[in-house]
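One structure is given here, and the rest of the page talks about it.
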Amino acid sequence: MARKRTKEAEPQPAAAAQEEPAPAPAAPAAAMTEAEVEELPKAIVRRLVKDKLAHIAGGGEGAEVIVNKDAMAAFAESARIFIHYLSATANDMCKESKRQTINADDVLNALDEMDFPEFVEPLRSSLQETKMQIEGQKQTKSKRKREGN
């Protein structure tokens, strides 16, 4: 198969090569590719996996579980795919209700729809605890603000 020749591969006269503009500066570090945006933070995945495996091993913090790099990548990719699937299913639930904003009930219903009903109650409890913590923090903050004025 014949290869296409690019402009860079063609020989250029010396004068023309000197007149070329300088290359554009590299993209800032903040600009991320789509693949990088979709990746889960490795440190968070590592911490979650190690904490859960240590808990299962029954040793708590003292039980050191070694997870190799390939296994960690598999955990991260599996979690990413699960999040995409859960998001799409929750979005379908939202659209069926003729809404544009996905809410917690859509996510819980999506888990049930995806045959993960065992996650629904623990997640519902966790969400309730989080709401109560946030409310408590708001009340403490407003109380401090009133006392400070």
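The numbers here are math on the coordinates, done by the rules we state, and not lab data. Just so it is clear, the model here is predicted, and its values are computed rather than measured. All Cβ positions, glycine included, derive from the backbone under ideal geometry; neighbour counts span all protein chains shown.
For this structure, a couple of remarks:
- Qualifying trypsin sites (Lys or Arg not before Pro) in the range 55-139, DSSP loop, other Cβ atoms within 10 Å at most 13: 98, 99
- Per-residue HN-Hα couplings for the range 126-133 [Karplus 6.51, -1.76, 1.60; θ = phi - 60°; Hz; x = Gly/Pro]: 5, 4, 5, 4, 5, 4, 5, 5
- Each Cα pair under 8 Å and six or more residues apart adds its separation to the average, and for the range 42-140 the resulting relative contact order is 16 percent.
- Gained length - residue 66 relative to residue 132, 0.36 nm times residue gap less alpha-carbon distance: 20.2 nm
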